[in-house]
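What follows is one structure encoded as structure tokens, with my remarks underneath.
The values are calculated or read from the model by the stated rules, or taken from the named source; none is laboratory data. No experiment lies behind these values; they were computed from the predicted model shown. Cβ coordinates were reconstructed from backbone atoms using ideal geometry, including for glycine residues, and neighbour counts include every protein chain displayed. The area values use the complete protein model at the heavy-atom level, side chains included, leaving out ligands, DNA and RNA. Shrake-Rupley method; radii C 1.70, N 1.55, O 1.52, S 1.80 Å.
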Amino acid sequence: MSLNFTGINVTATVDQAEDTCTLSAFFNKTEPYASGYTYHQILLIVSAVTTTLCLIFSVSLASVHLSNWVKPREQKQLVRIIIFPPISGIFSLFALWFYDASWVLEPFPELYECFALVAMFYLLVLYVAPHESHRDHFFMNLQRFGVVKNKPKLKHDGGSLRWFKMIWVMVFQILPVKLVLNILVWVLSGVTCPVKYKLSSTGTALSVIESIATSICVLGIVWFARRMAPELKQYKVVYKLFSFKGIVGVTLTQAPVFQLFAQYQWFKRTQYVSILDFAVGTPAFMTCVEMFIASVVFLWSFSAEEYLELSRELPRTRSLGGALVDVLDVRDIFHGIWYMCKISFCCGGRSRAVGKEVAGTESDLESDTVEMI
């Protein structure tokens, strides 16, 4: 049956959907193409294929790490990053499949993205200062550089402890901020109506705030990597950051753009593409394809080759099951959040003993050392 929406009052239709929390055919009904498939079905088929391939590549790479568990603290963070694409892809696939449940499913990959970002930061810290007991002294004695016309210049000789703490807060703020924001999304969508929330200025505002919080986190990681570039050179960090930061950057701009189009009704539905196809289906489809590409790139940038070679010389510290338990152990995440709270509310990022021995006292970082279990 041919669908004809000519002459329909779009504003009145949207208002009715918001008031009654029900979707008319205007929002989700479309005609199939000449092939017999609708736009939604085509997106779903392609997304299912790319997500399956993404899952195969990511699980294969993660299993190699888990089977050669010789540097558990590093590999724990690597596996957390590696499984980000399939987790994001799977939730996006189901959001595309079930439009009605998309408002419940969409926040989950955004929440896991926070853990992956924190894992990337932890990995960089472990590369430059692997021993917790010496980490405070390392940053106390690290020269603090400023940047003048893209050239490093010695800023002062008081160490980089305060700078390290600031970076820590920039990275870890994303966890509580995104958790609160996504809880608000669930509550507002459930209390008001998913359609009303999707088309509201509140939804757009929360999406923009999420993007800002993610941008601050990414900026902190990049700033840290740039300053520690000489120490990180041997670890292919540039490739790791480029591949991971690239996919985060794409998803970062994607969400608010589609939210704006939905709110201001800039997209005009056609007989083949409905409003939900555009506002929910298209970004979910794009995420599935992007995560497939990321999983392919990760095979190289987060390769297990180094650990395979080490496994010939070093014994595995855990079985495959034990290694998986290590990955699921999130105590290091909670320790990191607690440390951020101490920095923010207790010591204010100030060091009492930077590069000096003070009788009877410890530096604030020394007394609050965070463990990366």
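Checked against the criterion of being on the phi > 0 side of the Ramachandran plot and more than 14 Å from the chain's Cα centre (by Cα), region 245-267 has at least one qualifying residue. Only residues that are part of a loop (DSSP other than H, G, I, E, B) and open to solvent by less than 20 Å² (accessible area, probe 1.4 Å) were counted across region 274-327, and they come to 3.
Of K71, K76, which residue is of a type outside the set (A, V, I, L, M) and open to solvent by 40 Å² or more (accessible area, probe 1.4 Å)?
Working: K76 fails: open to solvent by 40 Å² or more (accessible area, probe 1.4 Å).
Checking each option against the conditions leaves just K71.
Cβ separations smaller than 6 Å between residues 6+ apart or across chains give the following pairs from region 27-52 residues that are within 19 Å of I293 (Cβ to Cβ) to residues that are in a helix (DSSP H, G or I) and at pLDDT below 90: L43/G281.
Quick one: would you say E113 is open to solvent by 20 Å² or more (accessible area, probe 1.4 Å) and assigned to a helix (DSSP H, G or I)? Give the steps one after another, and end with the answer.
Values: open to solvent by 20 Å² or more (accessible area, probe 1.4 Å): no; assigned to a helix (DSSP H, G or I): yes.
No; evaluated as a whole, the condition is false for this residue.
Quick test for you: out of G146, G159, pick the one residue that is open to solvent by less than 40 Å² (accessible area, probe 1.4 Å), assigned to a loop (DSSP other than H, G, I, E, B) and either closer than 18 Å to I221 by Cβ or at pLDDT below 75 (or both).
Details: G146 fails: assigned to a loop (DSSP other than H, G, I, E, B).
Every option except G159 fails the conditions.
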